[in-house]
Amino acid sequence: MTELNYVPHAAARHLASRKTRVVGLLLNNLHNDFFVPLLNGVEAVVRKNDYNLIIATYHANIRNQTAPPIGPHNTDGMLVFSDGLTDDDLIRLHITNFPMVLVHRTSPASVSIPSVTVDNIEVTRKLIEHFIKVHGKRRILFLRGPIHQEDSVLRERAYRSALQANGIPIDEDLILNGEFERDIAYEAMNEFLGNEAQVAFDAVFTGDDDAAIGVLKSLHEHGIQIPEEVAVIGFDDLGFAPFLNPPLTTVRAPTEQVGRIATERLFGILNDHPSDEEIILPTDLIIRRSCGCQQ
């Protein structure tokens, strides 16, 4: 495995003492609308503190010869989104006392790095039970997100447990890879719907709203009526969700608040108020027509 060029403890403290007045945000990608409210929350706090912000993408789980573009060498501290760094990377940085806050993931078990994320488990159980108990759905297709992302892992775990709790067998043929991206979700649904051996389904939990765009497009192109034949629910309640056809039932996640609180925690650390707090913000099921409710 490639060794990353992290600064040793003493050097890291020296760089911090220079006060470059720059913080960083490390993301795994910038492919969809999810990041707009997150960046709004981050940028507002950075501007309030009269700092500059560096944003970069880095694929930690597709290891190469390059070190992360953001770190002790060019920032006073950073926010790490989801799987922007591996657990080993985070532990190495933590040992140097480099200020960090994790966004949409929790700390590796062996260290205590402050984190801000949202409830994935209870709200996913709630939306699956909405399908089952309100609309009588039992063949619920699920599009998982990236395998290394905690949000994706927890949503799949809750999907499985909700089915089991309601006496519905888990059918692995109803679990597809949507990657939280509209184009990939669209292709996955097209492949599924074009399979002559396709298994029956009556609902789709798309994993997130961006994937929902691809799912709805594919269902429309295959002449499937939504929600009369297949009900659909997303996750995030992004700005376009009420304007889809039909309007998307989804989960309202406080994405901008996540960015704001995480950045406030980072500036707290920079101002000598360390924290190892794990913050999980509440989420709510937002009912619109795509699930079959008449809203």
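The values are calculated or read from the model by the stated rules, or taken from the named source; none is laboratory data. Since the model is a prediction, treat every value here as computed from it, not as a measurement. Cβ coordinates were reconstructed from backbone atoms using ideal geometry, including for glycine residues, and neighbour counts include every protein chain displayed.
Here is how the numbers come out for the structure above:
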quantity: Qualifying position, being assigned to a helix (DSSP H, G or I), of a type in the set (S, T, N, Q) and either modelled with pLDDT of 95 or more or over 22 Å from the mean Cα position of the chain (by Cα) (or both), among Asn195, Asn190, Asn245; calculated: Asn190
quantity: Hits in the stretch 213-262 (condition: polar (S, T, N, Q) and closer than 19 Å to Gly178 by Cβ); calculated: Ser218, Thr249, Thr250, Thr255
quantity: Residue that is of a type in the set (D, E, K, R) and not assigned by TED's automatic domain parsing to the domain that holds Ile226, where the choices are Arg138, Arg125, Arg92, Arg157; calculated: Arg92
quantity: Test result for Asp276, assigned to a loop (DSSP other than H, G, I, E, B), of a type in the set (D, E, K, R) and in contact (Cβ under 8 Å) with a residue 60 or more places away in the chain; calculated: yes
quantity: Failed condition for Val134, given (1) of a type outside the set (D, E, K, R); (2) touching a residue at least 24 places away in the same chain (Cβ under 8 Å); (3) surrounded by 15 or more Cβ atoms within 10 Å (Cβ to Cβ); calculated: (3)
quantity: Any chance Ile269 is assigned to a helix (DSSP H, G or I), out of contact with any Gly (no Cβ under 7 Å at 6 or more places or on another chain) and either assigned by TED's automatic domain parsing to the domain that holds Asn32 or closer than 25 Å to Gly41 by Cβ (or both); calculated: no
quantity: Count of the stretch 193-218 residues which are farther than 15 Å from Ile128 by Cα and in contact with a helix residue (DSSP H, G or I) (Cβ under 7 Å, 6 or more places away or on another chain); calculated: 11
quantity: Enumerated strands (runs of 3 or more DSSP E) restricted to the stretch 1-96, each holding at least 1 residues that are at pLDDT 95 or above and within 16 Å of the chain's Cα centre (by Cα); calculated: 22-27, 77-81
quantity: Any hit, the stretch 218-232, residues being polar (S, T, N, Q), modelled with pLDDT under 95 and either surrounded by 15 or more Cβ atoms within 10 Å (Cβ to Cβ) or closer than 24 Å to Ala44 by Cβ (or both); calculated: no
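Yes/no matrix, rows are residues, columns are (1) part of a loop (DSSP other than H, G, I, E, B); (2) in contact with a Gly (Cβ under 8 Å, 6 or more places away or on another chain); (3) more than 30 Å from Thr20 (Cα to Cα); (4) hydroxyl-bearing (Ser, Thr, Tyr):
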{"site": "Arg105", "(1), (2), (3), (4)": "yes, no, no, no"}
{"site": "Ala109", "(1), (2), (3), (4)": "yes, no, yes, no"}
{"site": "Val116", "(1), (2), (3), (4)": "no, no, no, no"}
{"site": "Val123", "(1), (2), (3), (4)": "no, no, yes, no"}
{"site": "Phe131", "(1), (2), (3), (4)": "no, no, yes, no"}
{"site": "Leu141", "(1), (2), (3), (4)": "no, no, yes, no"}
{"site": "Asp151", "(1), (2), (3), (4)": "no, yes, yes, no"}
{"site": "Ala162", "(1), (2), (3), (4)": "no, no, yes, no"}
